[in-house]
Amino acid sequence: MITAGVVIAKDPELGWNSGIYRFIVKEKALTGIDIVTPNNMRLFAERAYRAGRPLPISISIGTHPLEIMASAIARLWASTRCTSRGALRGAPVELAPCQTIDVPFIADAEIVLEAEILPTGWTWPEGRFGEFTR
């Protein structure tokens, strides 16, 4: 399990999202992400799924505890969370660009995973955000 990674994603219309999401390693280069309950990352994944495209994400592991605390605050978009992190730290949060996707990661993370939530496997009924079938 990956339980304390700070995940950053971008939706073309909604902008940035950042949060803490749990991952389970299923096999080499394949994980599952816990976005079963309604949350911002699920909204981003649902929008990407409907558009038939993957959702690129970065997973920053081994970050400062303040990044984890700020990322766990519900219902805030990434810009607000990054501002909260910077306010808690007393300095701006430094981000760095990923190498394989167009999403940043937290620059002082010990480990960074670059990934995509693929538009396969799950179906969300039209207009029924919060419920899905497999």
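The values are calculated or read from the model by the stated rules, or taken from the named source; none is laboratory data. For clarity, every value in this text was computed on a predicted model and none was experimentally measured. Note: ideal-geometry Cβ built from the backbone for every residue, glycine included; neighbour counts use all protein chains shown.
Listed here are the residues, each with its yes/no results for (1) touching a helix residue (DSSP H, G or I) at 6+ places or on another chain (Cβ under 9 Å); (2) aliphatic (A, V, I, L, M); (3) outside any strand (DSSP E or B).
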{"residue": "A4", "(1), (2), (3)": "yes, yes, yes"}
{"residue": "A9", "(1), (2), (3)": "yes, yes, no"}
{"residue": "E13", "(1), (2), (3)": "yes, no, yes"}
{"residue": "W16", "(1), (2), (3)": "yes, no, no"}
{"residue": "I24", "(1), (2), (3)": "no, yes, no"}
{"residue": "I35", "(1), (2), (3)": "yes, yes, yes"}
{"residue": "Y49", "(1), (2), (3)": "no, no, yes"}
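Does F44 count as at pLDDT 80 or above, touching a strand residue (DSSP E or B) at 6+ places or on another chain (Cβ under 6 Å) and over 18 Å from V112 (Cα atoms)? Steps first, please.
Working: at pLDDT 80 or above: yes; touching a strand residue (DSSP E or B) at 6+ places or on another chain (Cβ under 6 Å): yes; over 18 Å from V112 (Cα atoms): yes.
Spelling it out, F44 is indeed at pLDDT 80 or above, touching a strand residue (DSSP E or B) at 6+ places or on another chain (Cβ under 6 Å) and over 18 Å from V112 (Cα atoms).
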Name the pairs: first residue in the range 94-115 and closer than 21 Å to G32 by Cα and at pLDDT 95 or above, second residue exposed (fewer than 13 other Cβ atoms within 10 Å of the Cβ) and of a type in the set (S, T, N, Q), Cβ to Cβ under 8 Å, at least 6 apart or on different chains? E114/Q99; E114/T100
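In this structure, does R128 turn out to be at pLDDT below 95, within 24 Å of E46 (Cα to Cα), among the basic types (K, R) and under 13 Å from the mean Cα position of the chain (by Cα)? Quick ask: steps written out before the conclusion?
Numbers: at pLDDT below 95: yes; within 24 Å of E46 (Cα to Cα): yes; among the basic types (K, R): yes; under 13 Å from the mean Cα position of the chain (by Cα): no.
No, not satisfied.
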